[in-house]
Amino acid sequence: MSAAPAGPRRPVPAGSGIFLREFLRDPVATASCVPSSRALATAALTALPLEGDPLVVELGPGTGAFTDVLAERLGGRGRHLAVELNPRLARLLERRHPGLDVAVAPAADLPALLAERGLGPVDVVVSGLPWAAHPPTSPSLVDVVAGTLTDDGAFAQFGYVWTRRAAPARRLRRHLDAAFHDVVTSPPVLANVPPAFVYTARRPRRG
């Protein structure tokens with residue numbers, strides 16, 4: 001009896017090998033052992049303007065799963081700054097995307113990084129940072145990000161479905177509600193491994 005044909009396989013995201021190594025080095029900071037999927041990147045970039053020259057910031061781009069889709073959609077428009085704390089992942093990102101402005105720095109340094117480059121305010125910030133990068137500090141990282149955005153700017157932060165009810169995720173949602181007028185939660189992105197969702201917060205509160 002012949003074997004049944006194998007079903008379609010999910011594509012292996014680029015950079016999976018180095019991502020796994022960095023996860024083993026520091027699982028708290030990396031949060032996942034595989035890069036995000038194209039499906040998750042698409043869900044996280046719903047706020048990206050389709051026209052004009054937007055200023056876009058990526059926080060924690062890792063091996064560049066979101067960077068790839070951003071580059072396609074921008075098509076040379078606007079300005080794209082990637083902020084990556086891990087120098088090994090930053091070097092990989094620079095090799096994969098020559099000419100991309102990659103800053104090796106913590107996300108909390110975003111206002112200073114923008115000032116150094118004479119940039120701002122930002123149209124869209126997309127974050128792949130783990131919940132651990134959002135400690136209960138004041139001001140929160142959400143406040144820092146909101147302060148860099150235009151009045152109608154947006155902040156997209158993804159997380160994994162199984163962590164959504166955990167205390168860090170609930171705290172982040174409270175920070176988003178306090179810092180933005182509109183916060184929308186995407187449907188689960190089941191094509192991602194593990195399944196994920198996206199918070200998209202728009203229109204930062206002022207004062």
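The values are calculated or read from the model by the stated rules, or taken from the named source; none is laboratory data. The structure presented is a predicted model; accordingly, all values stated were derived computationally and were not measured. Cβ sites come from the backbone with ideal geometry, for glycine too, and all protein chains shown count toward neighbours.
The sole residue among Thr67, Thr42 that is under 16 Å from Ala154 (Cβ atoms), part of a helix (DSSP H, G or I) and among the hydroxyl-bearing types (Ser, Thr, Tyr) is Thr42. Does at least one position in segment 182-195 carry a residue that is at pLDDT below 95, crowded, with 17+ Cβ neighbours inside 10 Å and of a type in the set (S, T, N, Q)? Yes, that holds for at least one residue. Pairing each residue of segment 190-207 that is within 10 Å of Leu40 (Cα to Cα) with any residue that is polar (S, T, N, Q) and surrounded by fewer than 16 Cβ atoms within 10 Å (Cβ to Cβ), provided the two are 6+ apart or on different chains, yields C-beta distances under 9 Å for Phe197/Thr185; Val198/Thr46; Val198/Thr185.
One line per residue, one yes/no per condition, for (1) surrounded by 14 or more Cβ atoms within 10 Å (Cβ to Cβ); (2) within 16 Å of the chain's Cα centre (by Cα); (3) more than 16 Å from Phe66 (Cα to Cα):
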site: Ala108; (1), (2), (3): yes, yes, yes
site: Leu114; (1), (2), (3): yes, no, yes
site: His134; (1), (2), (3): yes, yes, yes
site: Thr150; (1), (2), (3): yes, no, yes
site: Trp162; (1), (2), (3): no, no, yes
site: Leu176; (1), (2), (3): yes, yes, yes
site: Phe180; (1), (2), (3): yes, no, yes
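The set of residues in segment 33-64 that are touching a residue at least 24 places away in the same chain (Cβ under 8 Å), within 16 Å of Asn192 (Cβ to Cβ), surrounded by fewer than 24 Cβ atoms within 10 Å (Cβ to Cβ) and among the hydrophobic types (A, V, I, L, M, F, W, C) comprises Val34, Ala39, Ala43, Leu45.
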